[in-house]
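First the structure, in the form of structure tokens, and then the observations on it.
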Amino acid sequence: AGKKKSLRDAWKEFADELNRDAPWQVGRTYMVSMTWTEMELENQVLSSTISAFTVSMLTSLIAVTAFTQNLVIAIYVCLNILLVVGILAGFLLNIMQYPFGVVEAIAATIFVGLSVDYCLHLAHGYLESEGTSRRKLKHSLVFLGPSIVGGSFTTISGCVFLLPCRIVLFRKLGTVLLANATISVVVTFTFLAPLLITAGPTGAFGNVVSCCTRRCPRSFTRDSLADKE
């Protein structure tokens, strides 16, 4: 894209120079090329993808915060999603050599929803457990770990049947979904789990409801209502 832009700028400067020096009877010189159209399309797709991905991540942060009522857990889950999407994008664009087109732009926003499943299960199990961070994570891994691994196994098994397809779209879809499921479950156990052990919230730390309750005036709290009665 950078080389195309510099080339277009050079041609535009050349066309402007011709228009300045040419007599008015000749008319204007116009620069027309499919290369410039493709470049503008790539720029529009890239900018719209970044905007849609940002909105999708903010929506995930708000939704996870609302459901878990813990801002720290929501941030950890979103960090896990960012890591999964980054690794998946590098795998598809650099290793698989897929060109960045409309399909990849649409898939980038879908990856956020596909990547939130396993990490959210683990984080929710951690949040519902009691004790220290290590004990909470151990409880979550014991009770939800097999379900997470089983869910990823069924997704990967279903995607395997798309790989031998002769239709390119189905084969590419199977590769993307299989890679997403594999990377998601691996990152969940290798990134989110250690993060919860070392810096996982315990007690009411990060709880949005507790923070709002502490900030409310005393006349609106439950204790003050009981005192009035």
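The values are calculated or read from the model by the stated rules, or taken from the named source; none is laboratory data. Given the structure is predicted, the values throughout are model-derived calculations rather than measurements. Cβ placement follows ideal geometry from the backbone for every residue including glycine, while neighbour counts extend to all protein chains displayed. Side chains included, ligands, DNA and RNA excluded: accessible areas come from the protein's heavy atoms. Shrake-Rupley method; radii C 1.70, N 1.55, O 1.52, S 1.80 Å.
Tabulated values for the structure
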read-out	value
Which listed residue is modelled with pLDDT of 50 or more, among the basic types (Lys, Arg) and exposed (fewer than 10 other Cβ atoms within 10 Å of the Cβ), from ARG215, ARG222	ARG215
Any chance VAL149 is assigned to a helix (DSSP H, G or I) and under 24 Å from the mean Cα position of the chain (by Cα)	yes
Residue pairs meeting the criteria (Cβ under 6 Å; at least 6 apart or on separate chains; first closer than 18 Å to GLY90 by Cβ and without any contact (Cβ under 8 Å) to a residue 40 or more places away in the chain, in region 169-193; second surrounded by fewer than 19 Cβ atoms within 10 Å (Cβ to Cβ) and hydrophobic (A, V, I, L, M, F, W, C))	LEU178/ILE156
Region 1-21, residues that are closer than 30 Å to PRO99 by Cα and among the small types (Gly, Ala, Ser)	ALA1, GLY2, SER6, ALA10
Single match in ILE183, ILE167 (criterion: among the aliphatic types (A, V, I, L, M) and modelled with pLDDT of 90 or more)	ILE183
Test result for SER147, more than 16 Å from PRO194 (Cα to Cα), open to solvent by 50 Å² or more (accessible area, probe 1.4 Å) and small (Gly, Ala, Ser)	yes
Hey, LEU178 open to solvent by 30 Å² or more (accessible area, probe 1.4 Å), of a type in the set (A, V, I, L, M, F, W, C), in a helix (DSSP H, G or I) and at pLDDT below 85 or not	no
Qualifying position, being open to solvent by 20 Å² or more (accessible area, probe 1.4 Å), touching a residue at least 60 places away in the same chain (Cβ under 8 Å) and more than 30 Å from ILE197 (Cβ to Cβ), among THR109, THR49, THR65, THR132	THR109
Matching residues in region 6-36 - criterion: being open to solvent by 80 Å² or more (accessible area, probe 1.4 Å) and at pLDDT below 75	TRP24, GLN25, VAL26
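Rundown of residues vs (1) assigned to a helix (DSSP H, G or I); (2) in contact with a Cys (Cβ under 9 Å, 6 or more places away or on another chain); (3) within 20 Å of PHE170 (Cα to Cα), yes/no style:
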| residue | (1), (2), (3) |
| --- | --- |
| ALA66 | yes, no, no |
| ILE73 | yes, no, no |
| VAL85 | yes, no, no |
| LEU92 | yes, no, yes |
| TYR98 | no, no, yes |
| ALA105 | yes, no, yes |
| TYR118 | yes, no, no |
| THR154 | yes, no, yes |
